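Asker: Dropping a structure here in structure tokens format, bear with me for questions.
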Amino acid sequence: MDLSIRHIEVFRAVMTAGSVTGAARLLFTSQPTVSRELARFEHLLGFRLFDREGGRLAPTAQGLALFDEVQRSYSGLERIVGAAQAIRRFDQGQLAITGLPVFAQTLLPGFCQAFLERHPGVRLAISAQESPLLEESLSGQRHDLGLSETDILPRGTRGSTLFAADMVCVLPEGHELLAKPELALADFHDRPFISLAGLDIYRQSLDAHFLAAGVERRMVVETSTAASVCAMVRQGLGLAIVNPLSALDEAGRGLQMRRLQTSIPFRVQLIRPEYRPSSDLVDTAAQVFHEQAQALVQVLETRLGRPA
């Protein structure tokens, strides 16, 4: 049968409106056009859809049966339209993000809150990974966005600086060095020091700076994460120098931070896989990341005060 979508639309409009005149108004067309299309539809079907009674249309049993099927089809179409609208509004979907564990504790909670306030229907999948698994995962195009400390981008990715600030000093509440607005490397001479593990790139950079300055620290605890370093400092076991994100996360909870006179840069890269399909959702997430990072820079500057 040479049926068309237009025939179905006319039939549904007549059933919905209850008359040819009403159907014409629904379809923004003329009454003769609706009558002609309806008659053509009945001819193609080979049975009557309506009985004509004194100028009125009464659905036949066959017409009612067909209308049930048409309604089910339109319900499916409406679900498709609804899904398309939800996708356009970001009311559904999933975003896969990976990064070093330090970011799962610092950057990501604020990002998730800000992002989900705007797009509550999106599901965020967060994966915390250490190097080199992080770089391997990003190169494998398994995540939409990644967060890394290294300037060397994984193969098959592109990146941009998301956050940049210097490492900061962390001290327990009541420590005598809190009287100083910023600390020099010499202030750490012969003081107990909590350090990151030996293979950490920032540990290596700190060791090089202290060696060049001729400053001897008393290394009392070595641990693998900045959060653990801060916890040790809070217990009064020693002083430390950590990344500013971890310091901000811990500040005020039995721990204070101070600026370090020597600049030891800390950077966070926002990484996007080159070959994973992108979307407006990923672009929006990147924008929210940058907004959150800028807000953290401002909070950091407020906490530390402007450099002398």
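Asker: I'd like to know which of Leu26, Ile126, Phe188 lies farthest towards the positive end of the charge dipole of the chain, counting +1 on Cβ of Lys and Arg and -1 on Cβ of Asp and Glu.
Answerer: Among Leu26, Ile126, Phe188, the one farthest towards the positive end of the dipole of the chain is Leu26.
Asker: Taking all protein chains in place and a 1.4 Å probe, what share, in percent, of the accessible surface of the chain do carbon and sulfur account for? Present the calculation step by step, with values, prior to reporting the outcome.
Answerer: Details: 8410 of 16050 Å².
So the carbon and sulfur contribution to the accessible surface is 52 percent.
Asker: Something else about it: If you count only protein heavy atoms and use a 1.4 Å probe, how large is the accessible surface of Glu117, to the nearest 10 Å²?
Answerer: Probe radius 1.4 Å; accessible area of Glu117 about 140 Å².
Asker: Around Ala286, what is the net charge, scoring Lys/Arg as +1 and Asp/Glu as -1 over all other residues with Cβ under 15 Å from its Cβ? Numbers along the way, then the final one.
Answerer: Details: positive: Arg118, Arg158, Arg272, Arg276; negative: Asp144, Glu274, Asp280, Asp283, Glu291.
For residues surrounding Ala286, the net value is -1.
Asker: Let's see if you can work this out: charge +1 on each Lys and Arg Cβ, -1 on each Asp and Glu Cβ, no other charges. What is the dipole magnitude of the stretch 262-308 about its Cα centre, in debye to the nearest 20? Display every interim value, and only then the final one.
Answerer: Values: 5 positive and 5 negative charges, 53 e Å.
It works out to roughly 260 debye.
Asker: Any idea what the alpha-carbon Rg over 2.2 N^0.38 Å comes to for the stretch 153-257?
Answerer: Details: Rg = 14.5 Å, N = 105, 2.2 N^0.38 = 12.9 Å.
Against the empirical 2.2 N^0.38 Å value, I get 1.12 for the stretch 153-257.
Asker: Considering the options Leu145, Ala240, Ser279, tell which one lies farthest towards the positive end of the dipole of the chain, charges being +1 on Lys and Arg and -1 on Asp and Glu at the Cβ, about the Cα centre.
Answerer: Working it through, the farthest residue towards the positive pole turns out to be Ser279.
Asker: For the stretch 109-163 and the stretch 1-62, what is the separation of their Cα centres, given in Å?
Answerer: 56 Å
Asker: On the full set of protein chains, 1.4 Å probe, figure out the accessible area of Tyr74 and give it in Å² to the nearest 10.
Answerer: Approximately 40 Å² for this residue.
Asker: Here is a further query. Given +1 on the Cβ of Lys and Arg, -1 on the Cβ of Asp and Glu, and no further charges, what dipole in debye does the stretch 106-187 carry about its Cα centre, rounded to the nearest 20?
Answerer: Working: 6 positive and 12 negative charges, 117 e Å.
Charge dipole, the stretch 106-187, about its Cα centre: 560 debye, nearest 20.
Asker: Of all alpha-carbon pairs in the chain, indicate the percentage at a distance above 25 angstrom. Walk me through the numbers on the way to the answer.
Answerer: Numbers: 29789 of 47278 pairs.
Looking at the chain, the distances longer than 25 Å represent 63 percent of pairs.
Asker: Please state the charge dipole magnitude for the chain, taken about the Cα centre, from unit charges on C-beta atoms (+1 on K and R, -1 on D and E), reported in debye and rounded to the nearest 20.
Answerer: Values: 31 positive and 34 negative charges, 183 e Å.
The calculation lands at about 880 debye.
Asker: Which order, highest average first, do 221-233, 168-180 follow once you tally other Cβ atoms within 10 Å for each residue and take the mean per peptide?
Answerer: Details: 221-233: 19.8, 168-180: 16.2.
Peptide ranking by packing, descending: 221-233, 168-180.
Asker: Which value, in Å² and to the nearest 10, is the accessible area of Asp187 when all protein chains are kept and the probe is 1.4 Å?
Answerer: 30 Å²
The values are calculated or read from the model by the stated rules, or taken from the named source; none is laboratory data. It should be emphasised that the depicted structure is a prediction, and the values quoted were computed from it without experimental measurement. Virtual Cβ from ideal backbone geometry, glycine too; neighbours counted across all protein chains shown. Quick note on the areas: whole protein, heavy atoms, side chains included, nothing else; ligands and nucleic acids left out. Shrake-Rupley method; radii C 1.70, N 1.55, O 1.52, S 1.80 Å.
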